[in-house]
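Each remark here refers to the structure printed beneath this line.
The values are calculated or read from the model by the stated rules, or taken from the named source; none is laboratory data. Because the structure is a prediction, the values reported are computed rather than measured. Note: ideal-geometry Cβ built from the backbone for every residue, glycine included; neighbour counts use all protein chains shown.
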Amino acid sequence: MLLICSASVTALFLYTILPRYRDEFVSLYTIIHEYVIFVNSGVLHSGIPQDCIYQCIVFDMNMFLKFNSVCTEYMQKISHQELLIYHHFTEKQPDIQRAVNSLFDSFWQRKPGYELVVFGQFYHFFGLVFGNHYYLESLRKTRRDYKRIVQLKQVVEFIEKNYASPITLQELSASVSMSPKYFCRFFSEMTHQTPMDYLNRQRIEQACCQLATTDDSITEIAYRNGFNDLSYFIRTFKKYKGITPGKYKRR
């Protein structure tokens, strides 16, 4: 899986995807092989990797505005969200796949002058997008939903900062000034999981990293990641990972 992500939160993945679910707020995909996905600025996104390796390049859209006045008009339309680039490309757009593959190959091989090739392929990619109209122009609904996305980001950031501490539903809802009942409905609509389910997933992912990279005991890791009951930690870990923490640590 390949990912390009800008500082203004634009992202481009390369892998194969199959639609699994879609509604007005969320698109879920099962990743199988190489396709291209573009995550536009301000779009909350996540992935759950399963036995895969992915690469990413982080870039700032502003660099395309500073150094090339000829292209400014086009790049401003992207950075100002006057249009949204298609969120995924398939084998039906081989020109996009070739451009992105060349970009990543040049970046990782780092031959003399690779910087020129990388910048060139970025411009090539955006040129293909505009030349083939790989974008949407009707954004009234997107802008209307933007406030909800911002609120969801606030909650996610709150969880990422405080997952190791006891967190109540009341605290989560208060972080975005909602009642607990409305917050649960809002969070489920946006993510198709409950707030506590998301919180526990975050804690388990952190625990996995620590199980794999430290010699700390399972009990220490459980308590460090917000679980006050070892038995509950083991049950929750098995729920998401399919094995116990002990087996995961011994792999």
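Looking only at region 157-182, count every residue that is of a type outside the set (Asp, Glu) and either outside any helix (DSSP H, G or I) or exposed (fewer than 13 other Cβ atoms within 10 Å of the Cβ) (or both) and tell me the total. So the count comes out to 15.
Residue check: is Ser106 surrounded by 12 or more Cβ atoms within 10 Å (Cβ to Cβ) and either of a type in the set (Val, Ile, Thr) or free of Cβ contacts under 8 Å to residues at least 24 places away in the same chain (or both)?
Numbers: surrounded by 12 or more Cβ atoms within 10 Å (Cβ to Cβ): yes; either of a type in the set (Val, Ile, Thr) or free of Cβ contacts under 8 Å to residues at least 24 places away in the same chain (or both): yes.
Yes, satisfied.
Those residues that are at pLDDT below 85, surrounded by 11 or more Cβ atoms within 10 Å (Cβ to Cβ) and within 25 Å of Asp95 (Cα to Cα), I need them from region 110-153; list them, please. Residue satisfying the conditions is Leu136 alone. Among the conditions (1) outside any helix (DSSP H, G or I); (2) closer than 30 Å to Tyr86 by Cα; (3) small (Gly, Ala, Ser), Ser188 misses just one, which is (1). Considering each residue of region 183-190 in turn, at least one proves to be surrounded by fewer than 16 Cβ atoms within 10 Å (Cβ to Cβ) and either in contact with a Ser or Thr (Cβ under 7 Å, 6 or more places away or on another chain) or at pLDDT 90 or above (or both).
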